[in-house]
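Below is one structure, written out as structure tokens, with a few remarks after it.
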Amino acid sequence: MAATKVLVVDDDLNIQRVLVFTLKQEGFEVVVASDGQSGVEMAASAQPDLILMDVAMPKLDGYAATQQIRAAEAGGRRIPIIMLTAEADVGERVKGLRAGADDDIVKPFHPLELMARIKALLARGGTLTPAAAGAEPATLGQLALFYGAKGGVGTTTIAINTAIAMTRELRRRTALVDANLQFGDLRVFLDLGLDTASIVNAVSEPDLDADLLRKLIVRHHSGIDLLLAPPSPEAADIVMERQRTDPSTLTNTLSLLRKMYDYTFVDMVKTIDDFNLQLFDEADVIFVVMTADLSCLKNVRSVLETMDHLGYEKGKMQLVLNRSNAYTGINVNNAESALNRKVDYQVINEYRGAISALNSGEPFMSSRPDGPLGRSVSEFAKQVDEQMAKETATARA
Ligand SMILES: Nc1ncnc2c1ncn2[C@@H]1O[C@H](COP(=O)(O)OP(=O)(O)OP(=O)(O)O)[C@@H](O)[C@H]1O
Ligand SMILES: [Mg+2]
């Protein structure tokens, strides 16, 4: 079999030398171009399997060269491109992805990291053509919100771990969106840094499509895909403002997610603002997460009333009682009679399991799926999946 051919497009002779050396050692065949223009020409003439593209170059920069390569491919074979950027700035990186790159790596990088990226991209079949992508089976396309009736009841914990159970145990493609725009917790819970793309990039993109959205989504090693909250509280305003002036930007993002995933879960905060109201409207189901204490019961009652006023049918709200077996003096029956409706799902209380997961940055569903808390959330996920799969089947019949 012929060696995999990599085209290096970089004007810096030192970087060229290092890359050629490293790639050859790994058994790749290497061709080199020293500016964007010859990069575009060689992409056509040398037919590489992958391109490493520098950004700042004479004649044609890396963005423009990538765009021209993509335009020339027009429906044909798509060569995976990794941008070599000097910027850790997310805006700059998104620019590269928008131009048509598949991944990027910030200089200076370790050769091992570059090799890992190259291999991951080749393994992913970076050459996936749009036709092949379209052949993926249809998704369930369900949008489910996790809305805490009160702060600290475990909304984020349940959203994350249910998403992992859906992915790993039920083999559902699942995305998790952090809609706690100001103080999103997913980065902390999942031990992720601040330098990744986020929902800001998604809603700021006038031509957002599935390909671009896929690049803004961060894959966690547990298998779930994340659309993260803005890296800073100030950036949350950008998202709110975009949503306020043009609600279709949020609708578009959500409908792309529905097409890409069986389940799109959204971790929310309690505020009732325009952004959250739009989420309520668009959702298929709202899991109202609660605990069995008086102030929470009072909140649940008012949430249910609000939803009722908004005209949602009763089934759209489902009650999830977290820490159901914790001693609070109020049991499930008391809660149900106070609310005059049934509690739909229960997740048990296990302080130790929850806290050790938090401290290690590894969700319990990924580190201890067979522990008591893991089993309880698995059971919840299974019930939800059965219910939702049944509903989608009926709706499609
Ligand atoms: N079933 C459970 N058993 C024991 N502890 C739990 C359980 N669920 C959540 N916790 C703990 O409760 C705390 C709050 O959880 P979490 O951050 O998920 O709640 P939240 O409702 O998302 O809070 P916030 O309002 O800050 O967004 C965490 O320390 C978590 O580990
Ligand atoms: Mg939370």
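The values are calculated or read from the model by the stated rules, or taken from the named source; none is laboratory data. What you see is a predicted model, and the numbers here were worked out from it, not measured in a lab. Cβ coordinates were reconstructed from backbone atoms using ideal geometry, including for glycine residues, and neighbour counts include every protein chain displayed.
Restrict the check to region 307-314 and report whether at least one residue is surrounded by 13 or more Cβ atoms within 10 Å (Cβ to Cβ) and either within 30 Å of Ala210 (Cα to Cα) or within 16 Å of ligand 2 (Cβ to nearest atom) (or both).
For region 307-314, residues surrounded by 13 or more Cβ atoms within 10 Å (Cβ to Cβ) and either within 30 Å of Ala210 (Cα to Cα) or within 16 Å of ligand 2 (Cβ to nearest atom) (or both): present.
Among the residues of region 27-59, write down those that are surrounded by fewer than 16 Cβ atoms within 10 Å (Cβ to Cβ) and under 35 Å from the mean Cα position of the chain (by Cα).
Within region 27-59, Gly27, Glu29, Ala44, Gln47, Ala56 meet the criteria.
What's the number of the only condition in (1) within 16 Å of ligand 2 (Cβ to nearest atom); (2) surrounded by fewer than 20 Cβ atoms within 10 Å (Cβ to Cβ); (3) touching a residue at least 60 places away in the same chain (Cβ under 8 Å) that Arg187 fails to meet?
Going through the list (1) within 16 Å of ligand 2 (Cβ to nearest atom); (2) surrounded by fewer than 20 Cβ atoms within 10 Å (Cβ to Cβ); (3) touching a residue at least 60 places away in the same chain (Cβ under 8 Å), Arg187 breaks only (3).
Look through region 261-280, keep the residues that are aromatic (Phe, Trp, Tyr) and out of contact with any Ser or Thr (no Cβ under 7 Å at 6 or more places or on another chain), and return whichever of them is nearest to ligand 2 (Cβ to nearest atom).
Here the answer is Phe275.
When you check Ala202 against the structure, is it in contact with a Gly (Cβ under 6 Å, 6 or more places away or on another chain), at pLDDT 90 or above, of a type in the set (Gly, Ala, Ser) and not assigned by TED's automatic domain parsing to the domain that holds Val94, yes or no?
no
Mind checking which helices (runs of 4 or more DSSP H) fall wholly inside region 312-371 and carry at least 1 residues that are among the basic types (Lys, Arg)?
Here the list reads 351-360.
What number of residues in region 291-311 are away from ligand 1 (no atom under 16 Å from the Cβ) and outside any loop (DSSP other than H, G, I, E, B)?
Qualifying residue count, region 291-311: 10.
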